Structures are given as C-alpha cells and as structure tokens.
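What follows is a short report on a single structure.
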Amino acid sequence: MITNNKPTLVILAAGMGSRYGGLKQMDAFTPKGDTIIDFSLYDAIQAGFGKVIFVIRESFKAEFKANFNKKLDGKIEVEYVYQELDNVPKEYINLNRIKPWGTGHALLMTKKNIKENFAIINADDFYGREAFVTIANQLKNTDKNSCNFSMVGYSLKNTLSENGYVSRGECTIDENSFLKDVTERVRIEKINGILKSENEQNNMIPIDENTIVSMNFWGFTPNCFEFAETYFLEFLEENKEDLKAEFYLPTIVNKMLKTNKATVKVLQSDSKWFGVTYSKDKEKVEKEIQNLTEQEVYPTKLWS
C-alpha cells in the first residue's frame with residue numbers, strides 16, 4: 001500500500017534529443033538493455049518514492065509503456081502524462097511552432113496527477129543513489145501545504161561534457177544553504193582550457209568550476225502549481241510571437257524567490273553525476289555504470 005508520505009518522482013522525458021541524435025531516454029547503456037531512467041527508478045524506489053510520473057510525447061508512449069510497465073509492476077505506481085505543443089490556451093497555439101515549451105511547461109502537465117510532495121528530474125541525467133535518498137528524506141519531512149521547496153545541487157566541474165557545450169542553472173546560495181537565485185546558462189564549455197559561460201549579452205565569460213549548479217533535480221510541494229500556472233500565462237503573453245522561447249523550471253523558482261513566496265533549500269550531493277548530451281558521451285556513461293555495477297552499487301540485473 002502506497003502511503004501519502006511517500007513522495008512522487010516526475011521524470012521529464014519528452015525531449016527529442018536533437019544534439020544526441022535520437023531518443024536518448026530509451027537508449028541502452030548496459031548489456032541488459034538498461035536505460036539511464038532505469039537507474040533513476042531503481043534509486044528512487046530504494047529511497048522510498050511511491051509513484052513515478054513520466055512526462056513524454058504521445059508519439060512514443062507505446063515504446064515507454066512496453067519498456068517500463070512490466071518491470072515496475074508491483075514495485076512503484078506508474079502514470080504517464082503528455083507534453084504537446086498545443087497543451088496551452090487556444091489563443092496561444094501557433095501552428096508554426098516546432099520547439100517544445102520547456103521544462104516549466106512539462107511540470108504543469110502533471111498537476112492533475114499530484115497531491116503529494118514530489119521530486120522532478122531529467123530523463124537523461126544519472127544523479128546517483130545518495131542524491132535520491134537526500135531529497136526523499138527532505139520531501140518526507142516537508143509540510144505539503146507549505147511553500148518550502150528544495151533542490152539537489154552539484155559542482156559545475158562534475159557536470160561537464162567532454163564533447164561540447166552544456167546548459168546548466170547557475171546557483172547563488174546564502175550562508176544558510178538557501179537558494180537566492182538561479183540563472184539558466186544555455187552554453188557552458190571549455191575554450192582554450194578555460195571554463196566559460198555565455199552571459200545575457202551573448203559574450204563568453206569565465207565561470208568558476210566549483211560553482212553550484214542545478215541539474216533540474218527539484219523538490220516541490222503541490223503548492224508550486226499555483227505559481228507555475230500564473231507565471232506560464234505571463235510568459236505566454238510576453239512571448240507569443242517568439243517561436244523559440246522556452247519556459248524553464250528555474251524561471252518559476254526565481255519568480256517565487258523574488259516575491260518571497262517560497263524558499264528553496266539547497267541539498268548538495270556528493271553523488272557522481274553523469275549524463276548524455278551528445279552521442280559521444282555514451283561510451284563514458286557506459287563505463288561509469290559498469291564501474292558502479294562492479295562495485296556492487298547496482299546488481300547486474302536491476303529488475304528481477
């Protein structure tokens with residue numbers, strides 16, 4: 001029996017993997033065919049999550065259900081919601097738009113399915129067992145009627161790709177480990193051996209490798225939806241002519257912080273993060289997972 005105290009895990013898996021060159025959410029990284037999502041699910045179940053909600057596209061729902069429903073049966077409750085371009089008020093539907101509305105929009109797709117505290121993650125990021133345990137404990141001890149949110153932070157140097165630039169949320173944190181601001185940096189890369197990020201003026205400037213960044217591992221109460229809906233409508237009105245504008249999760253968080261409507265506790269993780277932005281990242285991720293399996297952090301067969 002799944003109790004109300006068990007948090008829910010939301011997995012953002014609606015992306016099309018343009019830089020990766022395919023549907024990386026479903027790509028296998030072990031000889032047994034395990035995806036990165038499989039490891040996140042395994043860690044989440046071990047940490048005490050009671051339900052998982054996949055945010056996907058209608059076009060690959062059959063593939064997702066075939067892959068996950070059987071292996072998760074009896075282990076965790078499973079639900080699916082769909083993020084499509086027309087999931088917006090009709091006055092903002094633009095048939096010329098092909099770019100997704102972003103992670104903030106994906107969050108809103110889950111509103112009807114969530115009544116408990118929940119964490120939200122990317123499908124293509126490997127966050128590590130300790131990170132799931134840390135945020136699960138935080139969520140279990142947070143009043144679901146509050147606006148006390150949380151996030152798992154990582155050192156920037158541990159989240160880079162050797163094969164190109166990455167996007168990260170640069171965090172400003174106060175002396176009590178509460179988030180003050182998160183700035184979405186859509187381009188971070190090493191240039192001539194110096195780590196740089198693109199600023200608001202599209203200039204590449206140095207950034208400290210020890211900067212704490214958000215990897216979209218957030219902990220929310222259901223109260224976040226009220227704010228997110230209001231901010232999304234404002235975003236749509238301001239960007240109705242921009243076919244590439246995206247509504248990011250950090251946008252929601254920043255607006256809440258600026259108006260003092262919420263707090264976000266930063267839970268720093270020592271877990272090893274890795275992920276796939278480019279197809280060339282796959283070999284490194286396979287080796288990392290193999291090492292963890294050899295160290296018996298994970299069983300050879302995740303789902304028996």
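Expressed in Å, the radius of gyration and Dmax of the Cα atoms of region 94-149 are 14.7, 45. Segment residue 300..residue 233, full-extension length gain: 19.5 nm, with 0.36 nm per residue of separation and the alpha-carbon distance subtracted. Summing +1 for each Lys or Arg and -1 for each Asp or Glu among the other residues whose beta-carbon sits under 9 angstrom from that of residue 30 gives -2. Listed peptides 74-82, 47-55 appear in the order 47-55, 74-82 once ranked by packing, highest mean of other Cβ atoms within 10 Å at the front. Computed from point charges on the beta carbon alone (+1 for Lys and Arg, -1 for Asp and Glu), the dipole magnitude for the chain about its Cα centre is near 560 Debye. For the chain, the antiparallel share of DSSP beta bridges with both residues in that region comes to about 55%. Once the Cβ-Cβ distance of residue 70 and residue 5 is raised to the sixth power relative to R0 = 30 Å, the FRET efficiency obtained is 0.65.
Under the criterion of Cα pairs below 8 Å and six or more residues apart, the relative contact order for region 8-294 equals 26 percent.
Projection of the Cα convex hull of region 185-304, averaged over all directions and equal to a quarter of that hull's surface, yields 11.9 nm².
For residue 192 and residue 162, the difference between the fully extended length at 0.36 nm per residue and the C-alpha to C-alpha distance is 9.5 nm. Per q in 0.07, 0.09, 0.16 1/Å, what log10 I(q)/I(0) does a Debye calculation on the alpha-carbon atoms of the chain return? So the normalised log intensities work out to -0.25, -0.43, -1.54. Under 14 Å of direct C-alpha separation, and excluding same-chain neighbours fewer than eight residues apart, residue 144 reaches these aspartates and glutamates: 116, 226. As a proxy for reagent exposure, 61, 265 were ordered by neighbouring Cβ count within 10 angstrom, fewest first; the result is 61, 265. Here the sum of -39500 (n - 2.57) over DSSP H runs of 4 or more residues, divided by the residues of the chain, equals -8000 deg cm²/dmol at 222 nm, to the nearest 500. With the crude spin-label approximation of a point 7 Å out along Cα→Cβ, what separation in nm comes out for residue 59 versus residue 210? That separation, rounded to one decimal, is 4.5 nm.
No value in this document is a laboratory result; all are computed from the given coordinates. These numbers come from a predicted model, not from an experiment. Note: ideal-geometry Cβ built from the backbone for every residue, glycine included; neighbour counts use all protein chains shown.
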